[in-house]
Amino acid sequence: KIKRSPLLGSQHQPYLLKQPTFGFTVHWTFSDSITVFTGQCFVDEDGKEVLKTMWLLRSHADKRIDDWKATLVGYNEFKRLEKHMEPGW
């Protein structure tokens, strides 16, 4: 089961860069792993944001021989969820 996990990160301030870069680390509380993300926020002409990231996930390795298998590499894009208004709000 996925649980809330601490996140620590940093980004360039939006007023300094139109498409700011960022990085953050997540220490997963439900497993023996930690993930680092780095990426950039892109904003299109309509003001819609997308975070494009590359990440490394490192799990605990019991033996040095398992070291390489303990690191995974990936790519994700994150989009802001649309707010849905209930009728009458």
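The values are calculated or read from the model by the stated rules, or taken from the named source; none is laboratory data. Just so you know, these numbers come straight off a predicted model, no measurement behind them. All Cβ positions, even for glycine, are placed from backbone atoms using ideal geometry, and neighbour counts span all protein chains on display.
A compact table of results
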{"read-out": "Inter-residue pairs, beta-carbon under 6 Å, first closer than 17 Å to Leu56 by Cα and aliphatic (A, V, I, L, M) and in the range 10-36, second at pLDDT 90 or above and assigned to a strand (DSSP E or B), 6+ apart", "value": "Val26/Thr35; Ile34/His27; Ile34/Arg58; Val36/Thr25; Val36/Leu56"}
{"read-out": "Residue, surrounded by the most Cβ atoms within 10 Å (Cβ to Cβ), within the range 61-89, restricted to residues that are farther than 21 Å from His12 by Cα and modelled with pLDDT of 90 or more", "value": "Ala70"}
{"read-out": "Inter-residue pairs, beta-carbon under 9 Å, first among the charged types (D, E, K, R) and in the range 57-68, second in a loop (DSSP other than H, G, I, E, B), 6+ apart", "value": "Asp67/Ala61"}
